[in-house]
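Undergrad: Have a look at this one.
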Amino acid sequence: MVLNWIWVSFFLIAFAVAVIRLCMGDSSVFQEIMDSTFSSAKTGFEISLGLTGVLSLWLGIMKIGEKGGLVNTFAHWLSPVFSRLFPDLPKNDPAYGHIFMNVAANMLGLDNAATPMGLKAMERMQELNKDKDVASNPMIMFLVLNTSGLTLIPVSVLVYRAQMGAAQPADVFIPILLATFFSTLVGLLVTCFIQKIRFDKVLILFVGGLSAIVGLIIWGFSQLPSVKIGPVSTSAANIILLTVIIGFIISGIKAKINVYEAFVEGAKDGFTTAIKIIPYLVAILVGIGVFRASGAMDAVVNGVGWCAERCGLDSQFVGALPTALMKPLSGGGARGLMIDAMTTYGADSFTGRLACLFQGSTDTTFYILAVYFGSVNIKNTRHAVGCGLLADLAGILAAIFLCYLFFA
């Protein structure tokens, strides 16, 4: 229901802003809006088709892991923690293994690998869901962990900074890691509060251990020369990814299954899943495109800048705000705005760096909700949107604070 009203609001607000612009003499605004509807619909379709190959690859690999028993092994290892975060899931359920693989891929910045694993987790949770139209608590907890965007190695941001001529492309690495950690922590705590999940010793140790891991990564990368952080991050991600594939194949061989046939069986689901998410993806991207083309996004940014100046606050952060506001809506759009900020203000400017922090600190909330809930035909998302956006807000505020702390 929340997602429904947000989607409707995109169009209503866009229409109101367009009428105001028309009254002020801008006769091209409605043409721009209509152009955006067609281009956004095309983009949504192309993204869905583009996912087909990746979905087929990773759903095939996951099927090998299922039949080889590796997914169940992950589920068993994670059961003490995940049985508390997902109390409605049976103990040692295979969904735990899929959830772990998805979260791990996201933490490594492997978006293409994370999505198929996440869809597999949603499929399993939907099988256990009593009301097939309404999002269950485990689904919402899982998606909030996704939308909060915990990323240990922000490879893409470092690459774009290098391409834009930053003197030290990796100087945003630690601030991004801290910002995305705060985003995930807030998303986790808020969702636990709403779902009345009690923090016991196991969860406290889990959060503390995760904090320690983040700290060790920060310390480890801080010991490297800045020019080596990007290449080391990229190499580590690729090595881990290939190791996962080889590990799944070996598990299939040990289980004496036909690995090739298992892969093909899983890969067949890739095309079906890609087709299934097209309507949901087109819907959300068209709504976002209309909102942007109308000028509503610019109005929000200018309003925030005006308020900041009236309150006597520094307004340097305003130039990077479009990236922050776009990130929950569209990853590609936010990426473009980040590059635009670095082009306009300079890759090593405060605004350019802050745009990078925004890009790396949260994830594409509405895209994730549309794709994941759409894949299992969930219509009532309950508190998923609210918790996801609160996590995004925490990441945005943390990014602003950390950018002033590190670079002002």
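Readers should treat all values here as calculations from the given coordinates under stated rules, not as data from a laboratory. All of these numbers come straight from a predicted model, not from anything done at the bench. Every residue, glycine as well, gets a Cβ built from its backbone with ideal geometry; the counts of neighbours run over all protein chains shown.
Undergrad: Within 10 Å of each candidate Cβ there may be at most 12 other Cβ atoms; applying that plus a DSSP loop requirement, which trypsin sites (Lys or Arg not before Pro) in region 169-227 survive?
TA: Numbers: sites: Lys196, Arg198, Lys201; in loops: Lys196, Arg198.
Taking region 169-227 and a limit of 12 other Cβ atoms within 10 Å, the loop trypsin sites (Lys or Arg not before Pro) found are Lys196, Arg198.
Undergrad: How big, on average over all directions, is the shadow cast by the Cα convex hull of the chain, in nm²?
TA: 20.2
Undergrad: Starting from region 258-291, pick out the chymotrypsin sites (Phe, Trp or Tyr not before Pro) whose DSSP state is loop and whose Cβ has at most 11 other Cβ atoms within 10 Å.
TA: none
Undergrad: Moving to a separate point now. Along the Cα-to-C-beta direction of Trp306, a point sits 7 Å from the Cα; which residues of region 6-50 have their amide N less than 16 Å from that point?
TA: Residues 17-18, 20-21, 24 qualify, since their backbone N sits under 16 Å from the label point.
Undergrad: Oh, and also: Dipole of region 2-407, Cα-centred, from +1 at each Lys and Arg C-beta and -1 at each Asp and Glu C-beta, to the nearest 20 debye?
TA: 880
Undergrad: Taking the beta-carbon count within 10 Å as an exposure proxy, list Val301, Val290 from fewest neighbours to most.
TA: Val301, Val290
Undergrad: With contacts defined as alpha carbon pairs under 8 Å and 6 or more residues apart, what's the relative contact order of region 178-331 in percent? Write out the running numbers ahead of the final one.
TA: Details: 25 pairs, mean separation 17.4, N = 154.
Once normalised by length, the contact order is 11 percent.
Undergrad: Could you list the residues of region 264-298 with an amide nitrogen less than 20 Å from a label point located 7 Å from the Cα of Ser39 in the Cα-to-C-beta direction?
TA: Only 281-298 fall inside the zone, counting backbone N under 20 Å.
Undergrad: Let me check against my output: what whole-number percent is the relative contact order of the chain, with C-alpha pairs under 8 Å and at least 6 apart?
TA: For the chain, the relative contact order is 30 percent.
Undergrad: Could I ask something else about it? In which sequence would Phe11, Phe373 go, from the one with the fewest C-beta neighbours within 10 Å to the one with the most?
TA: With the fewest neighbours first, Phe11, Phe373 line up as Phe11, Phe373.
Undergrad: Quick check on region 159-278: take the gyration tensor over C-alpha atoms, sort the square-rooted eigenvalues as a ≥ b ≥ c, and tell me if it's rounded (a/c under 1.5), prolate or oblate. Spell out each step's value before the answer.
TA: Numbers: a/c = 1.79, a/b = 1.23, b/c = 1.45.
Oblate, since a/c reaches 1.5 and b/c is not below a/b.
Undergrad: Mind checking the full-extension length gain between Asp200 and Val232? Use 0.36 nm per residue of separation minus the Cα-Cα distance, one decimal, nm.
TA: This chain segment gains 7.9 nm when fully extended.
Undergrad: With r as the distance between the Cβ atoms of Lys268 and Leu405 and R0 = 60 Å, compute the FRET efficiency 1/(1 + (r/R0)^6) and round to 0.05.
TA: After rounding to 0.05, the efficiency reads 0.75.
Undergrad: A follow-up question, please. Given a Förster radius of 45 Å and the C-beta distance between Ser28 and Asn258 as r, what FRET efficiency does 1/(1 + (r/R0)^6) yield to the nearest 0.05?
TA: For Ser28 and Asn258, the calculated efficiency is 0.15.
Undergrad: If you don't mind, another one. Take the alpha-carbon centre of region 313-382, take the same for region 1-58, and report the distance between them in whole Å.
TA: 16
Undergrad: Using DSSP to define loop residues, name the trypsin sites (Lys or Arg not before Pro) in region 124-182 whose beta-carbon has at most 16 other beta-carbon atoms within 10 Å.
TA: Here the trypsin sites (Lys or Arg not before Pro) that fit, given the DSSP loop and packing criteria, are Lys130, Lys132.
Undergrad: Still on this model: What FRET efficiency do you get for Ile250 and Gln163 if R0 is 41 Å and r is their Cβ-Cβ distance, rounded to the nearest 0.05? Could the numbers behind the result be given before it?
TA: Details: r = 37 Å, r/R0 = 0.90.
The pair Ile250/Gln163 has a calculated efficiency of 0.65.
Undergrad: Ranking Asp269, Asp340 by Cβ neighbours within 10 Å, fewest first, what do you get?
TA: Least crowded to most crowded, the residues run Asp340, Asp269.
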